[in-house]
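The values are calculated or read from the model by the stated rules, or taken from the named source; none is laboratory data. In this text the structure is predicted, and so the values were computed from the model without any measurement. Only protein heavy atoms, including side chains, enter the accessible area calculation; ligands, DNA and RNA are left aside. Shrake-Rupley method; radii C 1.70, N 1.55, O 1.52, S 1.80 Å.
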Amino acid sequence: SAFLTWMQEKSAKVFVAATANRIDLLPAELLRKGRFDQIFFLDLPTELERGQIFSVHLHKRGVDATKFDLNVLAKSTKNWNGAEIEQCVVSAMVEAYAKDKPVDEDELFIQIGRIVPLATTMAESMLVFAPHANSWRRFVSQSYAPVAPSWGVNNRSVALRGRRGNGLLALRTTARDD
């Protein structure tokens, strides 16, 4: 309560930023204008970005990333986030250490095969939170995701649709004829 009041009444030039994995669980009073004025969505990294993330985490641990085919690693980790890529590198290094050998590409691929990304385990949640057409690139057709800014123009019964288990999740709006 005190934090919300401070956010509303602060006079200092302060930029407040926060992160949340489940914005749908935040109370409305925290999200309204005057508190957090903007909500940004950061999508999963692209293939190029995943290769760069592998490079960063290998270098961070003293491993020469140029000895790895970062393009193949990136292609093999579609729908992975940066933390999952980091843990892949960490796990591969632990396994290599246990085998008393330097980490190699084979060990990374073993870990890739063992890790299930959140985009797979929480696909329904991610479908709801991706707010723009570019975010839907990771979903298959027939997922009932908006693919254009005009999506739903001729369907006034649904504001957002997505799969939930065997059924369809739909947030409905009031129809208008104007």
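A probe of 1.4 angstrom, applied to the heavy atoms of all protein chains, finds Thr19 with accessible area near 140 square angstrom. Annotation: Ser55 carries an accessible surface of approximately 30 Å², with a 1.4 Å probe and no ligand, DNA or RNA atoms counted.
Once the 1.4 Å probe is applied to the protein heavy atoms, the range 44-105 comes out at 56 Å² accessible per residue.
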